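K.L.:
I have a structure I would like to understand better, so I am pasting it below and will then ask my questions one at a time.
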Amino acid sequence: MRLSVASVLMSAALVLLLVGAGWAAPFRLSETEFMRWVQTQQLPGFVADEESLENYDDREFTLDFMATGAPQHLSIKIEPGSMAELKGDPNLATYVEGQFQGRRLAYCTLKSMAGMSLLYLDLPERGAQLRLLTAPQKSRADMERLLAAFDLSALR
């Protein structure tokens, strides 16, 4: 029996997917916990738009904040594995890693989404990352200042 290159690659990809899923921490956050956390946030210049909540099968949550001053957009998302999707592909995004309050952080801008910036913060105890998306684009320092306004203790 001859195996084609495609079937070998598909088998290898399936094994990597299964092994990777076994190593990944399970996602642990309910919609109630997420909304309780959002409602406790005090972000100067922003108000949570609870109507914008999106729950994707209890695996990821997205919510928008409305600006009370200058026109700008802030969206937060908690989801598993999002950091790894962007890392390592310079054609897709500029990507810089760092630390924030002892947690792994990544700042990036997507080449396909000019005018936007993304900041990811690792939440290993939740098996996920917190993503901030802003428009217009902000610097890494500005994004970190915005992140500092969030009370992250409830996500531990």
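K.L.:
Please state the charge dipole magnitude for segment 26-155, taken about the Cα centre, from unit charges on C-beta atoms (+1 on K and R, -1 on D and E), reported in debye and rounded to the nearest 20.
P.N.:
Using only the charged Cβ atoms, the result is roughly 540 debye.
K.L.:
Length gain on complete extension for the stretch ARG145 to GLU33, per 0.36 nm per residue less the alpha carbon to alpha carbon distance?
P.N.:
Here the segment from ARG145 to GLU33 would lengthen by 37.9 nm.
K.L.:
Counting other Cβ atoms within 10 Å, keep those with at most 13, restrict to DSSP loop, and tell me which trypsin sites (Lys or Arg not before Pro) in segment 110-145 are left. Could you put the intermediate results ahead of the total?
P.N.:
Values: sites: LYS111, ARG126, ARG131, LYS138, ARG140, ARG145; in loops: LYS111, LYS138.
Loop-located and lightly packed - LYS111.
K.L.:
Okay, next question. Let's test this: bin the Cα-Cα distances of segment 37-156 at 5 Å from zero up to the farthest pair and state each bin's percent.
P.N.:
2, 11, 22, 26, 22, 13, 4, 0
K.L.:
With θ set to phi - 60°, apply the Karplus curve 6.51 cos²θ - 1.76 cosθ + 1.60 along segment 128-137 and write out the HN-Hα couplings as whole Hz, x wherever there is a Gly or Pro.
P.N.:
Whole-Hz 3J(HN,Hα) from phi for segment 128-137: 7, 10, 8, 10, 9, 10, 10, 9, x, 4.
K.L.:
Another question, if that's okay. Given R₀ = 41 Å, FRET efficiency for ASP49-ASP89 by Cβ-Cβ distance, to 0.05?
P.N.:
My answer for the efficiency is 0.85.
Any read-out appearing in this document is the output of simple, stated calculations on the displayed coordinates, not a laboratory observation. The structure presented is a predicted model; accordingly, all values stated were derived computationally and were not measured. Here Cβ is always computed from backbone atoms with ideal geometry, including for glycine, and neighbour counts include all displayed protein chains.
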